[in-house]
């Protein structure tokens, strides 16, 4: 095993798989064709989802409308094509840059340990750029539909246009790894000296709960993290060697990538460890929100069909619908309350201003507290709740399910729910999150007020009974 060094790349023969799916590995920009089971989240082309047929309303779609209207213009430069202009138009900071050298993009022929793919992101949009690539890759979260996939041709002779890639992506990856919905996925692999994943060595799906020693295989990582090891900044020279030895001391606590690759072609010379941690939390959590929204819409559609068939009047939700709400809400509650958030054995520090810029986002309560605040000493987030609670995708959940979700969240934060799923959320964490959300969200159900709980519950039930069904 060697850490990467472009001047001393091993010439030892490495066996490689004969074929490789175009997006298997790292951030998977496309979708998998999952079994079509009626009424399940995987049936996203059916009503009431209609994924491919529904016009998108994500950040990229809105940007394209501005381009078409002439109110926004993208500038092309000789070094990065439209990249810098796209990032400015979307308000995405270059401090979010992370570099992945695994050959796991459809532009994999241009990707290697010396020419990694650069990714840039905010809370809902992800941009991929490859040196000499024909296109810029983009994924943006539609509040209702989930991840929408685009490419932007890097041809300065043609008017810039983001092209939606639904049909191509639907033939590839997703399935249970993205909760059977159009989504994103971060993978950690054992890459060989050329950047090909050595699949027989295994892979890891990365989320908020993943330990550091299973993260970032095939990625560059800049930042410090004490004695804790990760898989980044390393190639597997001998695929048959013990993988436990992968990622030696020279690959850890790297703050300068110039000894590993030419960094001049990139917008920054960094691949910030804090940006990587946030990226991994966002991707899987967005999938959870999309999955819950899909399941709720299917449940409401089928309840409406049953009422029509039985000639029943509108009224409180059927017990079967409430059970399906609970089935969809529980994993989402766990994800947004960071129940399985990984613990660090020492402080983590990045090499850019990403952490400072990230923590400046989002609303704050009267005490100046925010869910965007990071810990980085023992865990990622300071408080036991994800800032994606404020995402447009959460706001766009079906109203009755959204009300149900926040009522359940209130029960957990007030201690009314004492189930073991949320036992690790401390009383102090519950109190802080409750106070912050009460001051920063105006759409909470009546049960979140400080009035008598039984009275608040009656208000919630009255609201649910009178709300129009979707």
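The values are calculated or read from the model by the stated rules, or taken from the named source; none is laboratory data. The model shown is predicted, which means the values in this text are computed figures rather than measured ones. With ideal geometry, Cβ positions are generated from the backbone for all residues, glycine too; neighbour counts draw on all protein chains shown.
Selection of segment 320-376 for residues being over 30 Å from residue 222 (Cβ atoms), surrounded by fewer than 18 Cβ atoms within 10 Å (Cβ to Cβ) and either over 17 Å from the mean Cα position of the chain (by Cα) or free of Cβ contacts under 8 Å to residues at least 24 places away in the same chain (or both) yields 320, 322, 323, 326, 327, 330, 363, 365, 366, 367.
Looking for something touching a helix residue (DSSP H, G or I) at 6+ places or on another chain (Cβ under 8 Å), modelled with pLDDT of 95 or more and over 21 Å from residue 349 (Cα atoms) - is there at least one such residue anywhere in segment 263-285? Yes, some residue in segment 263-285 is touching a helix residue (DSSP H, G or I) at 6+ places or on another chain (Cβ under 8 Å), modelled with pLDDT of 95 or more and over 21 Å from residue 349 (Cα atoms). The lone criterion from (1) crowded, with 19+ Cβ neighbours inside 10 Å; (2) under 28 Å from residue 145 (Cα atoms); (3) in contact (Cβ under 8 Å) with a residue 24 or more places away in the chain; (4) out of contact with any strand residue (DSSP E or B) (no Cβ under 7 Å at 6 or more places or on another chain) left unmet by residue 399 is number (1). Every condition in (1) at negative phi; (2) in a loop (DSSP other than H, G, I, E, B); (3) touching a strand residue (DSSP E or B) at 6+ places or on another chain (Cβ under 9 Å); (4) touching a residue at least 60 places away in the same chain (Cβ under 8 Å) is met by residue 269 except one, and the failing one is (4). Taking the criterion of being surrounded by 21 or more Cβ atoms within 10 Å (Cβ to Cβ) and under 29 Å from residue 386 (Cβ atoms), the residues of segment 177-196 that qualify are 178, 179, 180, 181, 182, 183, 184, 185, 186, 187, 188, 189.
Of all residues in segment 112-124, those that are over 19 Å from residue 353 (Cα atoms) and surrounded by fewer than 23 Cβ atoms within 10 Å (Cβ to Cβ) total 4.
For segment 98-116, residues that are in contact (Cβ under 8 Å) with a residue 60 or more places away in the chain, closer than 15 Å to residue 197 by Cα and outside any loop (DSSP other than H, G, I, E, B) total 3. For residue 48, the conditions (1) more than 22 Å from the chain's Cα centre (by Cα); (2) assigned to a helix (DSSP H, G or I) are fulfilled apart from (2). In segment 436-447, the residue that is modelled with the lowest pLDDT out of those that are in contact with a helix residue (DSSP H, G or I) (Cβ under 9 Å, 6 or more places away or on another chain) and surrounded by 15 or more Cβ atoms within 10 Å (Cβ to Cβ) is 447. Residue 450 passes every criterion in (1) within 19 Å of residue 394 (Cβ to Cβ); (2) at pLDDT 50 or above apart from (1). Checked against (1) assigned to a helix (DSSP H, G or I); (2) surrounded by fewer than 24 Cβ atoms within 10 Å (Cβ to Cβ), residue 262 passes all but condition (1). Could you figure out which of (1) out of contact with any strand residue (DSSP E or B) (no Cβ under 6 Å at 6 or more places or on another chain); (2) touching a residue at least 12 places away in the same chain (Cβ under 8 Å); (3) part of a helix (DSSP H, G or I); (4) under 28 Å from residue 395 (Cβ atoms) isn't true of residue 64? Against the list (1) out of contact with any strand residue (DSSP E or B) (no Cβ under 6 Å at 6 or more places or on another chain); (2) touching a residue at least 12 places away in the same chain (Cβ under 8 Å); (3) part of a helix (DSSP H, G or I); (4) under 28 Å from residue 395 (Cβ atoms), residue 64 comes up short only on (1). All of 161, 144 fail the test of being in contact (Cβ under 8 Å) with a residue 60 or more places away in the chain and more than 27 Å from residue 297 (Cα to Cα), apart from 161. Reported count of residues in segment 74-97, each being surrounded by fewer than 19 Cβ atoms within 10 Å (Cβ to Cβ), farther than 23 Å from residue 123 by Cα and in contact (Cβ under 8 Å) with a residue 12 or more places away in the chain, is 2.
Residues of segment 209-258 that are more than 19 Å from residue 112 (Cβ to Cβ) and without any contact (Cβ under 8 Å) to a residue 60 or more places away in the chain: 213, 214, 229, 230, 240, 242, 243, 244, 249, 252, 253, 256.
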